[in-house]
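Every number here is computed from the coordinates shown, using simple stated rules; none is lab data. All figures in this text were calculated on a predicted structure; none of them were measured in a lab. Note that each Cβ is placed from the backbone with ideal geometry, even for glycine, and that neighbours are counted across all protein chains shown.
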Amino acid sequence: MDETRNTVRIGQIDYTNVWPVFYYFPLDSFGGGIELVHQVPTGLNEAMARGEIAMGPISSFSYGEHHEDYVLYPDLSVSAFREVKSILLFHREPLERLGHARIALPTTSATSVNLLKIILKKFYGHEPVYTYAAPSLSEMMESNDAALLIGDDAIKASWADHGYAVTDLGAEWQRHTGHWMTFAVWAIRKATLQQQSELIGRIHEAFVESKRKSLADPAGMIAQAITRIGGTSAYWQSYFSNLCYDFGPAQWKGLAAYYRHASELGLLPEQAPLQIWTKDSVVQVTE
C-alpha cells in the first residue's frame with residue numbers, strides 16, 4: 001500500500017449510473033491528496049483487491065469476496081427498488097424456458113452476473129450454460145439464447161429494435177424477494193482508513209454533497225449523457241431519478257439477502273457481514 005500512503009487513489013467507474021456521486025466532487029479542493037482512477041467495474045474490483053486503489057464504488061459482489069479487507073461508506077451506493085434500467089437480460093424465450101439455454105455474460109460485471117445466476121437458480125431452478133463475451137448484443141446473440149448487458153451498453157441496446165424479450169434484473173429481484181438490490185457500494189481499504197482517517201471523513205462529506213447537488217439539479221448530467229450516449233432528456237431524467245444513491249437499512253437488508261443467496265449457491269464462501277464506517281467507529285450490521 002506504499003503508493004496510497006500519501007495520495008489516496010479513488011476508483012471511478014466510467015458508467016452513467018455513478019455520475020451523481022462524482023459530478024460535483026471537488027477534486028481540486030483536496031490539493032493533490034487524492035487521485036481519481038477510471039476503470040470498468042471488474043477492473044476496479046481487481047485493483048482494489050490488490051491494494052492499488054484505496055477506495056471507490058466497487059461491485060457489491062467484490063465486497064462480498066474481500067470483506068475482511070474493506071469497510072463501507074454509509075449514504076453511498078448504486079441501488080434500485082424494482083427497475084434499474086441498466087442491468088438487462090435480452091432473451092429469445094421466456095425466463096421459464098431458459099433452463100438449458102446458452103447465456104452470454106459481459107466481462108465487465110461481477111454483481112450482475114451473479115445476480116442473474118441467483119435469479120435463474122433460486123427462483124426458476126435453472127442451470128444454463130454461461131459463456132463470457134464482449135458487450136455487443138448482436139455478437140452475443142449469434143450463438144447464444146440470451147445475453148446480459150450492464151451499464152451504458154445495456155442502455156444503448158435497450159433503445160435498439162432487436163426483437164428480444166428484455167428482463168430488468170433489478171425488477172426481477174424485487175419481484176421474487178421484495179428487497180432493494182444494491183449493485184455497487186463505496187468501499188475503503190481498512191489499511192487506508194487506519195492511515196488517513198481524517199481525509200476519509202472529508203472525502204465522504206464531499207461525495208455526499210456531490211450526490212445532493214447532482215440530484216437536486218441534474219440538468220448538466222442529463223446534457224452530458226445525451227452528448228456522450230444519446231437518448232432524450234426525458235429518458236435521462238427518469239433514469240437518474242429512478243436509481244437510488246443512498247445506503248441505509250433498507251439497502252443493507254437487500255444486500256444481506258443477496259449475500260445469503262450467493263453463499264447458499266457457493267458463489268461466495270460465506271455470507272459477507274456489512275461493516276459500515278462512521279466518523280467514530282466501524283459498525284457491523286447484523287440482519
Inset, instruction - Determine which lysines satisfy two conditions relative to Lys211: a Cα distance under 26 Å, and not lying fewer than 8 residues away in the same chain. - result: Lys85, Lys156, Lys190, Lys253, Lys279
Legend entry - 13 Å reach of a label modelled at Lys122, 7 Å along Cα-to-Cβ, counting backbone N of the range 162-195: 170, 172-182
Legend entry - Selection from Ser138, Ala101, Trp159, by position along the positive dipole direction of the range 87-177 (Cβ): Ala101
Inset, instruction - Mark the label point 7 Å from the Cα of Asp69 along Cα→Cβ and return the residues of the range 28-52 whose backbone N is within less than 11 Å of it. - result: 45-52
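Would you kindly state how much longer the chain becomes between Trp159 and Arg97 on full extension, computed as 0.36 nm times their sequence separation minus their alpha carbon distance, in nm to one decimal?
19.9 nm
What percent do you get for the relative contact order of the chain when only Cα pairs under 8 Å and 6+ apart count?
28
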Inset, instruction - Please determine, in degrees from 0 to 90 and to the nearest 10, the orientation of helix 249-264 with respect to the longest principal axis defined by the Cα atoms of the chain, where the helix direction is its Cα long axis. - result: 60
Inset, instruction - State the extension gain, in nm to one decimal, for the chain segment bounded by His38 and Ala216, taking 0.36 nm per residue of separation less the distance between their alpha-carbons. - result: 61.6 nm
Legend entry - Gln284/Arg50 FRET efficiency (R0 25 Å; Cβ-Cβ; nearest 0.05): 0.50
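In the chain, what % of DSSP beta bridges are antiparallel (nearest 5)? Show your work: numbers first, answer last.
On the way: 26 of 41 bridges.
The answer is about 65 percent antiparallel.
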Legend entry - Point-charge dipole on Cβ atoms (K/R +1, D/E -1) for the range 87-177, about Cα centre, debye to 20: 320
Legend entry - Cβ-based net charge around Ser112, under 12 Å, with every Lys or Arg adding one and every Asp or Glu removing one: -2
Legend entry - Percent of alpha-carbon pairs separated by more than 22 Å within the range 87-177: 15
Inset, instruction - Sum up the charges of everything whose Cβ sits under 9 Å from the Cβ of Gln39, counting Lys and Arg as +1 and Asp and Glu as -1, but leave Gln39 out. - result: -2
Legend entry - Ranking of Glu209, Glu65 by count of other Cβ atoms within 10 Å, fewest first: Glu209, Glu65
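Sum up the charges of everything whose Cβ sits under 13 Å from the Cβ of Leu98, counting Lys and Arg as +1 and Asp and Glu as -1, but leave Leu98 out.
Local charge sum for Leu98: 0.
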Legend entry - Scattering curve values for the chain, log₁₀ I(q)/I(0), Debye with Cα scatterers, q = 0.13, 0.14, 0.16 Å⁻¹: -0.88, -1.02, -1.31
Inset, instruction - May I ask for the angle, rounded to the nearest 10°, between helix 197-216 and the longest principal axis of the chain, with both axes built from Cα atoms and the value confined to 0 to 90°? - result: 50
